[in-house]
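Q: For reference, the structure I am asking about is given below.
Read the figures in this text as sums done on the coordinates, not as results from a lab. If you're wondering where the values come from, they're calculated on a predicted model, not measured in any experiment. Virtual Cβ from ideal backbone geometry, glycine too; neighbours counted across all protein chains shown.
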């Protein structure tokens, strides 16, 4: 049994990872857009893209057929808010590119060249069914953390799907500390930096005129101009209910900004305001402790209540481990399904919960026409699972990214194999591989 | 019962020691007697438990799937809880009292309450503001004189989350890992109380928190003092144990006249009364600690955060040392780099004592889910482990490692009625605790908002009394 698993994993490694045309048939098919699973479904991927998915889909002649044997087949998980690719070992500084606290730049920072597709967290997250991730920088020397990216977790040398896909800023206690010590300083600094960027856009000479008094530098201004005109979505970390309301009001001065709220621990207290503003939220849904005074109202029913109010809710894994354990997304979504049957609690239906870790984050970052579901035209990120993907311990048996079959072998698998029998044999363990 | 335990503890104390006992208001002082004749005597339980268990009702749960905590399973089973104890457990034919509260468990599961052997609730409470940071006395690499119970804030909202969402009925609160010897731990019943004494598990032995590896050498190395290396860690430990051995010999010879709180704790370890809980990630370091324990004559109860136990599972089985582990935490620090998701099942397969722990105010709320992930990883490798066997990782094994396995951790007649009724299979993501009993008293009921504890801190705040 164990040996058979190993052999099939080895076979996958050996297979060249080129885009292939593939039809997966006999699937319990999850499209990922909130619709119900389809028994006996088929998904057809050609040239790296989904061309058809559903019941009664005809398999084109001459295409590779994979029989899912009735197992669950879904789009790959989209990690809604992560640092995957930015760190190998968090406490080893040289490997950790999350934050740049000593940089003289802020909004202009671009994580793309820091991303490491060869890092071991890529393979581990992929082996847990995560195929795409929204990656945000952690922080900079200034108010804005910089520009994040949307990435893929394929076994290749280039993970950037879309660079500069978002700008990140932390409001609340963290942002206040950066801005000078109070929320008043935070909101003023935010506004003044954006106004400076707007002036720079109208007349680039202004920055030079301000000289060392300039609130921002050219690279930062360039990035903020794209925030002001709505080209780059602005992801705002915010938890306290009143902070959320004040962040929503930022659009009075900058109406084109595309806001995405991250954290939103007390969002349920102002759910109708968020819904009316048509702003998507990314939540870490099991946060239920008053970790600080911004999270006094924390409850696991937050996600369900926000969704019930009409807020587009994506489920992420942050405030926990945001680089190594993206696979927790399925567990967290599963917990929301469990909450739905608990008296007095709010959760989500299975279909809605799965969408919250696939199409919802794709939509939040403005890429739902490209990633996050198995609707025709999306990337060919497909996972066959050994069981219900939202259940504990379910794992992919096959993963395709952009239509390419992926290795699911991790460094952890190699360690486990070496120590299946811990005792050393005729030679030390170092010879056992 | 509680009184009996306390009395016997005190009796044991006076056998081993002599002197300043504060008991029943009566205080003896060493100075009132010639020191040469009477060695120093002191009370080993100066902050005694005042926990007595809350009022119980004769309760029957029937038609329920039971994991007994020791690896047994009863389908369509019944349990009788009487006067705070498990009275009977059996199948559908078991005779049941007619005057009991009856809970129908159809489609549900009943287990012993979860025991978290590694928690910082209360000493690193929520909100985690600086004023609440009471887990590390990081002013000296060895502080065996500090007691975590003196840091525990009983109003930490985390206790109620662990109860209501996690089904946790007992837990060990440890000092942090900044120090090689961080101080004494305390085992609590997970009941709300005005005082920590009102939570203390009656008669549970004390633990000593020790820490290997990166943390102590980083904390003290960065202060420019010893230890700054792993060899420094061992040198400081060995020097301290050497001192403790000398102190213990003096004590055994009746020659201790100056009470030393630090040495008293370590002497308690050397005499086997205090259990060692050693934070240790790497296999090679665990092997060295095992030798150090033999060098000085103590035993390690449990290696905590033991992410590399799978590399030496055979040694751990032979030495009878437990591993307290996460299912899949990895990569956050160098000594957690070789973590594998099969660690827990590999340790179990080797016949070594296997425990799932949290070290986290969030994961303590779903230790059953952590065990489920580890179980799935084991089965994926082809290992045959039943659900009921895996439950030993969550209750009976941690109970034994804490020295309370004779009283709780499994559903055997006469043991404490620390019980959780789950609204489905507890190894499913879709399942939650429905009812939790501690010593037979119902302390949480998902169907009854009045049985949802609200700490002082949460009163008058947004979301008071919410489902959480």
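Q: Specify the residue with the greatest mean-square fluctuation among A:190, A:144, A:235, computed from a Gaussian network of chain A linking alpha-carbon atoms under 10 Å apart.
A: With Cα springs under 10 Å in chain A, the top fluctuation among A:190, A:144, A:235 is at A:190.
Q: Work out the mean other chain Cβ neighbour count within 10 Å for the residues of A:421-432 and drop it here as an integer.
A: 2
Q: With the cut-off at 1.5 for a/c, could you classify the protein assembly as shown from its C-alpha gyration tensor as rounded, prolate or oblate?
A: prolate
Q: Something else now. Rank A:149, A:197, A:256 by mean-square fluctuation in a GNM of chain A with C-alpha springs under 10 angstrom and give only the top-ranked residue.
A: A:256
Q: Can you tell me how the stretch B:121-161 classifies by the Cα gyration tensor, rounded, prolate or oblate, using a/c under 1.5 as the rounded cut?
A: Because a/c hits 1.5 or more and a/b exceeds b/c, the stretch B:121-161 counts as prolate.
Q: In addition: Would you mind ranking B:161, A:218 so that the residue whose beta carbon has the fewest other beta carbons within 10 Å leads the list?
A: Going from least to most buried by this count: A:218, B:161.
Q: Could you state the number of Å between the C-alpha centres of the stretch A:233-265 and the stretch B:350-406?
A: Going from one Cα centre to the other spans 42 Å.
Q: Could you state the angle between the C-alpha long axis of helix B:2-16 and the longest principal axis of the C-alpha atoms of chain B, as a value from 0 to 90 degrees rounded to the nearest 10?
A: Roughly 20 degrees between the two axes.
Q: Using the 10 angstrom Cβ neighbour count as an exposure proxy, how do B:377, A:182 rank, fewest first?
A: Fewest to most other Cβ atoms nearby, the residues stand as A:182, B:377.
Q: Classify the stretch A:77-370 as rounded, prolate or oblate, taking a ≥ b ≥ c as the square roots of the eigenvalues of its Cα gyration tensor: rounded when a/c is under 1.5, otherwise prolate if a/b is larger than b/c and oblate if not.
A: Oblate shape, in that a/c is at least 1.5 and b/c is the bigger or equal ratio.
Q: Here's a follow-up. Return the calculated 222 nm mean residue ellipticity for chain A, to the nearest 500 deg cm²/dmol, obtained by summing -39500 (n - 2.57) across DSSP H runs with n ≥ 4 and dividing by the residue count.
A: Taking each H run of at least 4 residues, the total per residue is -8000 deg cm²/dmol.
Q: Now, a different point. Determine the calculated [θ] at 222 nm for chain B from helices alone, applying -39500 (n - 2.57) to every DSSP H run no shorter than 4 residues and normalising by the residue count; nearest 500 deg cm²/dmol.
A: -7500 deg cm²/dmol
Q: Distance from the Cα centre of the stretch B:118-147 to that of the stretch A:345-400, in angstrom?
A: Here the answer is 41 Å between Cα centres.
Q: Next question. Helix A:2-14 versus the longest principal axis of chain A: what is the Cα-based angle in degrees, 0 to 90, to the nearest 10?
A: So the inclination is approximately 60 degrees.
Q: What average number of partner chain Cβ atoms lie no more than 10 Å from the Cβ of the residues making up A:410-419?
A: Mean inter-chain Cβ contacts per residue within 10 Å come to 6.
Q: Then there is this: Taking each residue of A:338-349 in turn, how many C-beta atoms of other protein chains fall within 10 Å of its C-beta, and what is the average?
A: Taking all residues of A:338-349 together, the mean is 4.
Q: Which residue fluctuates most in the GNM of chain A (Cα springs below 10 Å): A:226, A:240, A:411?
A: In the Gaussian network model the winner is A:411.
Q: Below 8 Å, C-alpha to C-alpha, sequence gap of six or more: please give me the relative contact order for the stretch A:213-285 in percent.
A: For the stretch A:213-285, the relative contact order is 31 percent.
Q: How high is the relative contact order of the stretch A:77-370, in percent, counting Cα pairs under 8 Å that sit 6 or more residues apart?
A: Relative contact order for the stretch A:77-370 comes out at 18 percent.
Q: Of the beta bridges DSSP finds with both residues in chain B, what % are antiparallel, to the nearest 5?
A: Close to 55 percent.
Q: Going by alpha carbons, how many degrees (0 to 90, nearest 10) lie between the helix axis of B:230-252 and the longest principal axis of chain B?
A: 80 degrees
Q: Kindly rank B:331-337, A:27-33 from highest to lowest mean number of other beta carbons found within 10 Å of each residue.
A: Ranking the peptides B:331-337, A:27-33 by packing returns A:27-33, B:331-337.
Q: Can you give me the Cα centroid spacing of the stretch A:270-342 and the stretch B:161-195 in angstrom?
A: Cα centroid of the stretch A:270-342 versus Cα centroid of the stretch B:161-195: 27 Å apart.
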